[in-house]
Structure formats: C-alpha cells, structure tokens
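Quick notes on the structure that follows.
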Amino acid sequence: MLFSEKRPIKCEAGNYCLRGVGTKNITKLVDVWSLKSSFSQVECEKGIFCEEGAKNAFGNGLCEEGSFCAGGSVSGVKAEPGYYVPRKGFSTQLGCKKSSFSSISGAVKCLTCPIGFECPDDIM
C-alpha cells in the first residue's frame with residue numbers, strides 16, 4: 001500500500017469527529033460523556049447540522065430560523081406550510097395555532113387569519 005493511500009478521511013456528514021478518531025462506528029452523544037475520549041464519530045445533536053468533516057459538537061452551527069434539524073442532520077429542513085420554526089436551533093417544526101396559518105415553506109411565524117376568511121385547523 002502506498003503512503004498516499006494511508007491518509008485521514010473526513011468525518012461523515014451528520015457526525016463530528018474529535019481528535020484521534022480511528023473507526024467509522026457512530027456513537028450517540030449520551031455515550032460520549034462516559035468516555036474520556038471518543039475513538040468513533042459522534043452523531044450531531046438535535047438542532048445542529050454537521051457537514052462532512054465537522055470537528056466538534058457545535059458542528060457547522062445551529063439550524064436557521066424557518067428550518068429544523070433532527071439528530072445527525074447534514075442541513076436544515078424547511079418548515080412545511082402550516083408549520084413554523086421561530087428561532088435557530090430547533091429540532092422539530094411547530095404547528096400553527098388555531099385561527100392562524102402559514103402558507104409558505106420555511107415560515108418563522110404564523111399569521112392571524114384575516115377578516116373575511118376562515119382558517120380551518122385540519123388544513124393549516
């Protein structure tokens with residue numbers, strides 16, 4: 001095997017790697033706290049996204065407003081119409097409350113149903 005074939009490989013997207021990672025096994029963050037050092041990749045926390053090669057638990061940052069990140073996310077997922085994500089760092093989208101709506105993907109808030117209109121709960 002040539003020397004060039006023995007070089008480091010970037011940590012997989014959706015995970016981060018601390019110094020000294022030597023395996024492709026993926027560990028949940030809860031398991032890492034009981035170890036002095038992690039020798040495996042660690043899945044990114046909820047609300048955070050990790051692109052390939054992330055180096056710490058903060059990954060590439062918090063998910064943006066209007067998007068949410070489940071654990072192990074590579075990027076944020078925009079909130080669907082009828083839902084919203086008000087701040088950075090959410091792991092799930094929130095449903096619009098009664099008498100409000102959001103008709104766009106990636107909403108950061110729901111709008112009050114306007115006068116002269118009806119906003120049924122089952123479709124908003």
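The values are calculated or read from the model by the stated rules, or taken from the named source; none is laboratory data. Bear in mind that the values here come from a model prediction, so they are computed numbers and not experimental data. Cβ placement follows ideal geometry from the backbone for every residue including glycine, while neighbour counts extend to all protein chains displayed.
So which residues in the range 55-100 are touching a Gly at 6+ places or on another chain (Cβ under 7 Å), part of a strand (DSSP E or B) and not aliphatic (A, V, I, L, M)?
Taking the range 55-100 first, the residues touching a Gly at 6+ places or on another chain (Cβ under 7 Å) are 62-64, 66-69, 72-74, 78-79, 82-83, 85, 89-91, 95-96.
Imposing the further condition that a residue be part of a strand (DSSP E or B) reduces the set to 62, 67-68, 73, 78, 83, 95.
Answer for the range 55-100, where residues must be touching a Gly at 6+ places or on another chain (Cβ under 7 Å), part of a strand (DSSP E or B) and not aliphatic (A, V, I, L, M): 67, 68, 73, 78, 83, 95.
If I ask for residues that are among the aliphatic types (A, V, I, L, M) and either within 29 Å of residue 110 (Cα to Cα) or free of Cβ contacts under 8 Å to residues at least 12 places away in the same chain (or both), which ones from the range 37-82 would you list?
If the condition is that a residue be among the aliphatic types (A, V, I, L, M) and either within 29 Å of residue 110 (Cα to Cα) or free of Cβ contacts under 8 Å to residues at least 12 places away in the same chain (or both), then 48, 62, 70, 74, 77, 79 are the ones that fit.
So for the range 58-69 (the condition being of a type in the set (A, V, I, L, M, F, W, C), crowded, with 16+ Cβ neighbours inside 10 Å, at pLDDT below 90 and under 28 Å from residue 9 (Cα atoms)), does at least one residue qualify?
no
Could you grab me the full set of residues in the range 83-92 that are surrounded by fewer than 21 Cβ atoms within 10 Å (Cβ to Cβ) and more than 14 Å from residue 48 (Cα to Cα)?
In the first step, residues of the range 83-92 are kept if they are surrounded by fewer than 21 Cβ atoms within 10 Å (Cβ to Cβ); the result is 83, 86-89, 91-92.
If the condition is that a residue be surrounded by fewer than 21 Cβ atoms within 10 Å (Cβ to Cβ) and more than 14 Å from residue 48 (Cα to Cα), then 83, 86 are the ones that fit.
Scan the range 44-57 for residues that are more than 9 Å from the chain's Cα centre (by Cα) and either more than 13 Å from residue 18 (Cβ to Cβ) or modelled with pLDDT under 75 (or both) and report the count.
Of the residues in the range 44-57, 2 are more than 9 Å from the chain's Cα centre (by Cα) and either more than 13 Å from residue 18 (Cβ to Cβ) or modelled with pLDDT under 75 (or both).
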